[in-house]
Amino acid sequence: MSSEPPPGSGPPPEDDPFRKQPPTGEGAGSPYGEEPPPSGGRPPYAAGPYGGGAGPTDPLAGMAPLADSGRRTLARIIDMILVGIVVWLLTWGFGVNEYDVNGDRVEVGKSLAQSFIGALLYVGYDTYLITKTGQTFGKRWLGLRTANLSDGSTPSVQTSLVRALVLWIPFSFCCFCIWTAICGGWSYFDKPYKQGLHDKAAKTVVVNVS
């Protein structure tokens, strides 16, 4: 059996153009303008994100500014519409409707088939594009990007898959827009990283690139 790690599981490449750089020069530090702690005080986020590894600096230092939650919501709506059109075309082409009413019976088998197709397409779309560039089409058009919280690099396959599964599986099979509103809406109240629940599960953030 090969002992090599699976693709995408290793550390981000050194030439990742989005990997954050150590702050240098005057005014270096967090891009959000926090004041340095008083002398002898504990630096902010000294334990690192999620308590992993001690470090004296904000993990966001050297990274692009965090994205506005409103723009994130708009990008997500764009993605939902784009993939939703494909899901509808495929289910229509294969004769899979949300419900098939036959007299007093409602056949739910076709509904589950439609949910499965939707889950497969949404998860595949999100995982592939986030792994490739950190941007879905919605994020690209609005100048946003998903990044690892730890170093600002593009998320790996595993990280992107976890993020997509948390976001899209409940959406496809049970909760639809309610789960999307809860999962993504969490970023409106989360501090200091503006993370949705899917970001927390994958330890990612969304930043501006324009």
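The values are calculated or read from the model by the stated rules, or taken from the named source; none is laboratory data. Worth saying up front: this structure is predicted, and the values here are computed from it rather than measured. As a convention, Cβ positions derive from the backbone with ideal geometry for all residues, glycine included, and neighbour counts pool all protein chains shown. We work out accessible area using only protein heavy atoms, side chains counted, and drop any ligands, DNA or RNA first. Shrake-Rupley method; radii C 1.70, N 1.55, O 1.52, S 1.80 Å.
Quick notes on this structure:
- Within segment 171-193, the residues that satisfy the criterion of being open to solvent by 30 Å² or more (accessible area, probe 1.4 Å), assigned to a helix (DSSP H, G or I) and of a type outside the set (Gly, Ala, Ser) are Phe173, Cys174, Cys175, Phe176, Cys177, Ile178, Trp179, Ile182, Trp186, Tyr188.
- Any chance Leu161 is in a helix (DSSP H, G or I), closer than 15 Å to Tyr122 by Cα and open to solvent by less than 60 Å² (accessible area, probe 1.4 Å): no
- Counting only residues that are under 21 Å from Gly134 (Cα atoms), out of contact with any strand residue (DSSP E or B) (no Cβ under 9 Å at 6 or more places or on another chain) and aromatic (Phe, Trp, Tyr), segment 172-195 holds 2 of them.
- Hey, Leu129 assigned to a helix (DSSP H, G or I), open to solvent by 10 Å² or more (accessible area, probe 1.4 Å) and more than 24 Å from Gly93 (Cα to Cα) or not: yes
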